[in-house]
Amino acid sequence: MYREQIDMNRLPHHVAIIMDGNGRWAQLRGEKRTVGHQEGAMRVHNIMEEATRLGIDYLTLYTFSTENWNRPEEEVSALMAILLQHLEQDLFMKNDARFRVIGDVSRLPQTVQDAVNHLIDVTKDNKKTCLVLALSYSSKWEITQAIRKIASETLQGKISLDGITEQTVTEHLETNFMPEPELLIRTGGEQRLSNYLLWQCAYTEFYFTDTYWPDFDEEQLCKAIVDYQGRQRRFGKTGEQVKSEEGK
Ligand code: IPE
Ligand code: IPE
Ligand code: MG
């Protein structure tokens, strides 16, 4: 059991996941792609509950990208319907979990926007894991928005040109309420970021698995964490420096 191998004192605070492979999972079974999305949505419940049990502070799930708007309309509307079905309060209340969203929410159907805002509001005082869905999200969109906001505040004299630092950029991103992810997991076999958290993943550890998202279970989340904990994060230093700092 990988769960027992996890060092609870060195848990990642923020795990980001690219939930990929729903369509192929369904096609393999002779089903429509949307069946895979439905099954994938169920896995979100399991993974969120496991993250809460473990004590992970933030779980950021890539749910619908800016580029996914280019999928056939039928698939997009099925995805929106599934999303609406799963934005339920009970799961969050039962797990004392918060809900947040990153992305261009204004592009989502009004019914989804209303459900999102309601869930954010009713879960805001919960204390455990914050589940963040990236909806209508892409990193280039997010960074462009941040640049616009910073430029506008500079023109208004709220920030000076010299006052623009890496911290300023971080603070103007959608993710400004969370630490950067220590671990990013991508299911479904592809090894790419697909426009996800480009700035935030500057020093993130990547974990790729061939498992399709509907087959990704609690034990596999634990396996990814154990793998992450076995790595040495050097941040540009030498291995010896890191070891001697750990000994202090
Ligand atoms: C991920 O699964 C879910 C979304 C992108 C919405 P896919 O739908 O991309 O599944 P594959 O990659 O086609 O198998
Ligand atoms: C990435 O998956 C987006 C989400 C998981 C929501 P895609 O299936 O859209 O990624 P690409 O286009 O194959 O890279
Ligand atoms: Mg895909």
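The values are calculated or read from the model by the stated rules, or taken from the named source; none is laboratory data. None of these values were measured; they are calculated from a predicted model. Neighbour counts are summed over all protein chains in view; Cβ atoms, including those assigned to glycine, are modelled from backbone coordinates with ideal geometry. To get the accessible areas, we keep the full protein, side chains included, count just its heavy atoms, and leave off ligands, DNA and RNA. Shrake-Rupley method; radii C 1.70, N 1.55, O 1.52, S 1.80 Å.
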Exercise. So how exposed is residue 245, as accessible area in Å² (1.4 Å probe, rounded to 10)?
Worked result: 80
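Heavy atoms only, probe 1.4 Å: what % of the accessible area of the chain goes to carbon and sulfur, would you let me know?
In the chain, the share of accessible area belonging to carbon and sulfur is 48 percent.
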For this session: First select every other residue whose beta carbon is under 14 angstrom from the beta carbon of residue 65; then total the charges, Lys and Arg +1, Asp and Glu -1.
Result: -2
Problem set entry | Solvent-accessible surface (1.4 angstrom probe) belonging to residue 8, in square angstrom, nearest 10 | 100
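Roughly how large, in nm² to one decimal, is the mean projection of the convex hull of the alpha-carbon atoms in region 1-100? Please list the in-between numbers first.
Details: hull surface 31.0 nm².
That works out to 7.8 nm², a quarter of the Cα hull's surface.
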Seminar exercise, completed: Computed over the chain, protein heavy atoms only, probe 1.4 angstrom, the accessible area per residue in square angstrom equals 52
Exercise. Using alpha carbon coordinates only, what is the Rg to Rh ratio of region 183-248, with Rh defined as the Kirkwood radius?
Worked result: 1.05
Exercise. How large is Rg over Rh for region 117-230, taking Rg from the Cα atoms and Rh as the Kirkwood inverse mean of 1/r across Cα pairs?
Worked result: 1.03
Exercise. Which FRET efficiency, nearest 0.05, do residue 76 and residue 7 yield, Cβ-Cβ r, R0 51 Å?
Worked result: 0.80
Seminar exercise, completed: Computed on Cα atoms, Rg of region 102-153 relative to 2.2 N^0.38 Å comes out at 1.36
Problem set entry | Surrounding net charge for residue 20, when Lys and Arg each add one and Asp and Glu each subtract one, Cβ distance under 10 Å | +2
Problem set entry | Under 17 Å between alpha carbons - lysine pairs in the chain that sit 8 or more apart or on different chains | 6
Exercise. Given the options 208, 92, 64, which has the most mean-square fluctuation in a GNM of the chain, springs set between C-alpha atoms less than 10 angstrom apart?
Worked result: 208
Problem set entry | Two-site label geometry, residue 45 and residue 152: point separation in nm, points 7 Å out along Cα→Cβ | 4.0
Exercise. Heavy-atom accessible area of residue 174 with all protein chains present, probe 1.4 Å, nearest 10 Å²?
Worked result: 50
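Using a ≥ b ≥ c from the Cα gyration tensor of region 65-184 (square roots of the eigenvalues), is it rounded, prolate or oblate, where a/c under 1.5 gives rounded and otherwise the larger of a/b and b/c decides, a/b for prolate?
Oblate.
Using just the alpha carbons, could you tell me how many Å³ per residue the convex hull of the chain encloses?
Taking only Cα atoms, the chain has a hull volume of 155 Å³ per residue.
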For this session: Have a look at region 1-50 and give its Rg and Dmax from the Cα atoms, expressed in angstrom.
Result: 14.6, 44
For this session: Set the Förster distance to 41 Å, then compute FRET efficiency between residue 166 and residue 27 from the Cβ-Cβ distance, nearest 0.05.
Result: 0.45
